[in-house]
Amino acid sequence: MEPDVGAGITEAPGPARMMDPGLSWRIVSDGALSGAANMARDHAMAAALRPGAGTVRFYRWSPATLSLGRNEPVTEAYRDFLRTRPDIGLVRRPTGGRAVIHDRELTYAVALPVRAFGGPRQAYRRVNEGLVEGLRLLGVKAVAAAGRVLPPDAGPCFLEPAEGEVVVRGRKLVGSAQVRIGGAVLQHGSVLLVADQTPLLGGMQSCGDSARGNGAHGGHIEASGGAITLTEVLGKTPARKRLVDAFSRGFARALGGDWTPGALTDAERRLASELEERYGSAQWTWRRARQG
């Protein structure tokens with residue numbers, strides 16, 4: 001584990017949080033892993049979650065990877081992208097949502113008991129509140145989008161924000177997805193730092209340059225829809241330690257409980273090793289392939 005987080009975080013919950021059961025939270029900071037390894041670790045920490053506990057994991061990807069939502073079709077546009085970029089990995093997530101290129105970003109994953117905040121929908125709101133709080137600590141004026149519920153075939157993730165996702169200046173900065181695994185909820189997502197999502201858009205011209213999210217300061221900064229990056233907002237890319245610390249504190253404010261640094265247990269690592277075979281298999285990755 002990288003020494004990105006201090007020796008514990010104490011954040012007093014606001015009045016609306018006082019009735020929530022306090023969880024014991026563990027913060028895990030990982031290095032860069034393959035898509036299959038990352039998805040296996042997220043799945044394992046949710047499947048092995050202990051009662052009264054929660055886990056937040058921060059990580060990166062190597063190589064850069066295209067991830068697909070659990071039920072998202074593999075369209076010909078995605079196939080074309082992968083043919084032109086043989087350096088890009090491919091993985092299908094356990095969560096829903098839509099396609100994302102994971103490259104220069106900070107990825108977060110949260111596992112918590114399914115009933116901790118009243119159910120998955122309420123947990124989704126709380127986690128997104130934590131993301132907004134973390135961004136505010138970085139000096140970013142972020143909000144949760146009104147948005148709409150989007151189907152699996154609605155196109156790439158950063159084409160437009162879904163309900164509750166985190167936006168800045170009307171543009172999507174964080175893409176998130178969720179799934180229930182046993183008695184736990186797993187939510188994970190991407191905080192764009194510099195990475196460009198444009199290659200996924202193909203012929204979708206309606207987004208224009210506002211979907212580029214590549215840190216360029218053009219005339220679309222105030223545009224609604226599309227992606228924006230943290231580098232574009234702040235004018236520089238924050239150090240990883242600062243990012244992990246800010247989001248850890250943001251989650252602590254929104255979710256309450258006790259927070260300490262930690263690492264995956266031996267049992268979680270064994271389960272992740274078993275699950276990695278599944279997430280690396282063609283049968284799982286290509287199970288929703290289609291033409292067009």
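Bear in mind these aren't lab numbers, they're just calculated from the coordinates by the rules spelled out. All of these numbers come straight from a predicted model, not from anything done at the bench. Note that we place each Cβ from the backbone using ideal geometry, even for glycine, and neighbour counts take in every protein chain shown.
Packing-wise, with mean Cβ within 10 Å as the measure, how do 268-280, 231-243, 53-65 rank, highest first? Don't skip to the end; give the middle numbers.
Numbers: 268-280: 17.3, 231-243: 15.3, 53-65: 20.3.
The peptides rank, most packed first, as 53-65, 268-280, 231-243.
Run the numbers for LYS141 and VAL194: contour at 0.36 nm per residue of separation, minus the present Cα-Cα distance, in nm.
Extra length available between LYS141 and VAL194 comes to 17.3 nm.
Mind giving me the nanometre distance, one decimal, between the label points for ARG79 and LYS241, set 7 Å out from Cα along Cα→Cβ?
In this crude label model, ARG79 to LYS241 measures out at 4.8 nm.
Take each of the peptides 176-183, 255-262, average the number of other beta-carbon atoms within 10 Å over its residues, and list them starting from the highest. If you can, show how the numbers build up before the last one.
Details: 176-183: 17.6, 255-262: 19.9.
Ranking, from highest mean packing down: 255-262, 176-183.
With r as the distance between the Cβ atoms of ARG180 and SER24 and R0 = 25 Å, compute the FRET efficiency 1/(1 + (r/R0)^6) and round to 0.05.
The calculated FRET efficiency here is 0.75.
Put a dot 7 Å past each Cα toward the Cβ at ALA282 and ARG70; how far apart are the dots in nm?
2.5
Just subtract the alpha-carbon distance of ARG121 and THR260 from 0.36 nm times their residue separation and send over the number in nm, one decimal.
47.5 nm
Ranked highest first by the average count of other Cβ atoms within 10 Å around their residues, in what order do 98-105, 23-30 fall? Could the numbers behind the result be given before it?
On the way: 98-105: 23.2, 23-30: 20.4.
Going by the mean number of other Cβ atoms within 10 Å, highest first, we get 98-105, 23-30.
Could you work out the local net charge near ARG269, counting Lys and Arg as +1, Asp and Glu as -1, over the other residues with Cβ closer than 15 Å to its Cβ? Numbers along the way, then the final one.
Values: positive: ARG26, ARG41, ARG57, ARG270; negative: ASP30, ASP42, ASP266, GLU268, GLU274, GLU276, GLU277.
In short, -3.
Using all Cα-Cα distances in the stretch 41-156, what percent lands in each 5 angstrom bin from 0 up to the longest?
2, 9, 15, 20, 21, 17, 11, 4, 1, 0
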